[in-house]
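Chemist: Sharing a structure with you now.
The values are calculated or read from the model by the stated rules, or taken from the named source; none is laboratory data. Bear in mind the structure is a predicted one, so any value in this text is a computation, not a measurement. Because the Cβ atoms are built from the backbone with ideal geometry, glycine has one as well, and the counts that use them run over all protein chains shown. For the accessible areas, the whole protein counts, side chains as well, though only heavy atoms, and no ligand, DNA or RNA atoms are used. Shrake-Rupley method; radii C 1.70, N 1.55, O 1.52, S 1.80 Å.
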Amino acid sequence: MSEALKEFTLETFQPRVGELFRVIVDEKYEMRTRLSAVDVWGHEEASSRPRHPFSLIFHAAPNAVIPQAIYRVENANMEPFECFLVPIGPDEVGMRYEAVFT
């Protein structure tokens, strides 16, 4: 795991909700997403961990479908980072992707 990923917390992403994130799929394609939620994972036992587990939910266009994989993610207000994104299906806004940090 990269050092940047180890440093990420809920507080890293909560101010970024609503912001644009670019997912670099390959040299030719990038997917524009919007961070739509930062959700806490776990219960009391999680408080003993170095960081509280959390997940990020990104929304993309309804037809923007990519397989689960590790992707480079870029945001204008953060250093680029790599994370494992999983498609979790569409909703009324668009296609949803989740990244989990434990």
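Chemist: One-quarter of the Cα convex hull surface for the chain, in nm²? Walk me through the intermediate numbers first.
Modeler: Numbers: hull surface 26.9 nm².
The directionally averaged projection comes out at 6.7 nm².
Chemist: Sticking with this structure for a sec: Between Y97, M31, F84, whose Cα lies farthest towards the positive end of the dipole of the chain when Lys and Arg beta carbons carry +1 and Asp and Glu beta carbons carry -1, centred on the Cα centre?
Modeler: Of Y97, M31, F84, it is M31.
Chemist: Roughly what would the spin-label model give for V65 and E27, points 7 Å off Cα along C-beta, in nm?
Modeler: In this crude label model, V65 to E27 measures out at 2.7 nm.
Chemist: Heavy atoms only, probe 1.4 Å: what % of the accessible area of the chain goes to carbon and sulfur, would you let me know? Mind showing how you got there, number by number?
Modeler: Working: 3240 of 6200 Å².
Answer for the chain is 52 percent, counting heavy atoms of protein chains only.
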